[in-house]
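The values are calculated or read from the model by the stated rules, or taken from the named source; none is laboratory data. From a predicted model like this one, the values you see are computed outputs, not experimental measurements. Positions of Cβ are generated from backbone atoms using ideal geometry, with glycine treated the same way; all protein chains shown enter the neighbour counts. These accessible areas exclude ligands, DNA and RNA; they are computed on the full protein's heavy atoms, side chains included. Shrake-Rupley method; radii C 1.70, N 1.55, O 1.52, S 1.80 Å.
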Amino acid sequence: MKERLELLAKEAERAIEAAASDKDALLQLKARYLGRKGEFSGFLKELAALPAEDRKAAGEAINQAKTRLEDAIAILIGGIEGRWKEAALAKERLDVTLPGRTMPLGKRHPVMQVMEEIQEVFFGLGFDIAEGPEIELDSYNFEKLNIPKDHPAREMQDTFYVSSDVLLRTHTSPVQIRVMENKRPPVRVIAPGTVFRRDSDVTHSPMFHQVEGFMVDKGVSFANLKAVLADFLRTFFGRDTGVRFRPSFFPFTEPSAEADIRCVLCKGAGCRVCKGSGWLEILGAGMIHPEVFRSVGYDYEEYSGFAFGLGVERIAMLKYGIDDLRLLFENDLRFLKQF
Ligand code: FA5
């Protein structure tokens, strides 16, 4: 038995050596020689037939041979797996110096960018910010601004009505009323927001943005209005931009004016945007009407104030040389990415 055992062990060792780099073959050899029904199990069965005094030594010899072979297989498989792991690690090594993959980032819409820039200029002049509702009461959008129900000035702003007393605000001027009802002078406020009108062409959109601004205190004059607006326009468009004030009419200001800026698209020569005039109207303004002061409980003998309303899209058009205001609302990324 001893010789057969040694012979089998030698044969197994040779087979293992020949399969040293093949994990599957090694596992097959393990099953073939050392498995429960493997070739070495035959020797264990023979043990019972041996005389009692020889059994122990024979059992040990079988187990030693098996253990040796098991260890040899385990070492070889360990080596193979180790090499696989190293190869995988080498292949997958992270190169931390590679630039990351960039996610396309969204940007502020040009109208919002311009709105923020406008706010910055007025912050610098000491104005606070206020907001009001986009769905507004008729009384705030019109009546308290000195525009009663039958006033012809209502036709200046084609209105989207929700019901007879509720509408989509046509301008940011109702925020003047909401602020003045709640705060005593001095006030210096700007109110940016979305407004709605039944209007649509290259310089008009049914939804657009305004920045309202107003200042009330003792002794505020038209000169203050001109100074603030001229400062804003020069800061925004540059020192040599042509600006002009024209007399105008708003029921909530007296006297009233509109400010135009030299059309940057045609440099004043006349084009479809400025309708051939060389100028583009960007804001309405004036001294707050005594009737408006009366509706908010301000004493118009004691206080005076100015107000203005800027069209944000018009300013964006002029700033970026856009020749059709509707482009700003088409959400074409090729257009929007330019800003
Ligand atoms: C008003 O809305 C007044 N509330 C402004 C005002 C405030 C005057 C305070 C006096 C005191 P107007 O309707 O002119 O005024 O509009 C103001 C600006 O909004 C215009 O100069 C123009 O730049 C812009 N605007 C008017 N309608 C449209 C439109 N449909 N689309 C884009 N911009 C517009």
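Taken as a whole, the condition of being open to solvent by less than 10 Å² (accessible area, probe 1.4 Å) and either at pLDDT below 95 or within 9 Å of the ligand (Cβ to nearest atom) (or both) applies to Glu313. The set of residues in the stretch 220-235 being touching a Phe, Trp or Tyr at 6+ places or on another chain (Cβ under 7 Å) and aliphatic (A, V, I, L, M) consists of Val220, Leu225, Leu229.
Scanning the stretch 169-199 for residues that are within 8 Å of the ligand (Cβ to nearest atom) and surrounded by 16 or more Cβ atoms within 10 Å (Cβ to Cβ) turns up Thr170, His171, Thr172, Ser173, Gln176, Val195, Arg197. Thr159 falls short of the stated requirement of being surrounded by fewer than 11 Cβ atoms within 10 Å (Cβ to Cβ), outside any helix (DSSP H, G or I) and of a type in the set (S, T, N, Q). Being touching a Leu at 6+ places or on another chain (Cβ under 8 Å), assigned by TED's automatic domain parsing to the domain that holds Phe142 and not β-branched (Val, Ile, Thr): is that true of Phe237 here? Yes, satisfied.
Every condition in (1) in contact (Cβ under 8 Å) with a residue 60 or more places away in the chain; (2) open to solvent by 40 Å² or more (accessible area, probe 1.4 Å) is met by Leu318 except one, and the failing one is (2).
State which residue is modelled with the lowest pLDDT when the search covers only the stretch 244-264 and only residues that are under 35 Å from the mean Cα position of the chain (by Cα) and hydrophobic (A, V, I, L, M, F, W, C).
So in the stretch 244-264, the residues under 35 Å from the mean Cα position of the chain (by Cα) come out as 259-264.
From the residues that got through so far, the ones that are hydrophobic (A, V, I, L, M, F, W, C) too are 259, 261, 263-264.
Values: Ala259: 92, Ile261: 88, Cys263: 83, Val264: 77.
Among residues in the stretch 244-264 that are under 35 Å from the mean Cα position of the chain (by Cα) and hydrophobic (A, V, I, L, M, F, W, C), the one modelled with the lowest pLDDT is Val264.
Within the stretch 319-339, track down each residue that is among the hydrophobic types (A, V, I, L, M, F, W, C) and touching a Lys or Arg at 6+ places or on another chain (Cβ under 9 Å).
Passing the criteria: Leu325, Leu336, Phe339.
Summed over the stretch 200-212, residues that are open to solvent by less than 50 Å² (accessible area, probe 1.4 Å), of a type outside the set (Asp, Glu) and not in a loop (DSSP other than H, G, I, E, B) total 4.
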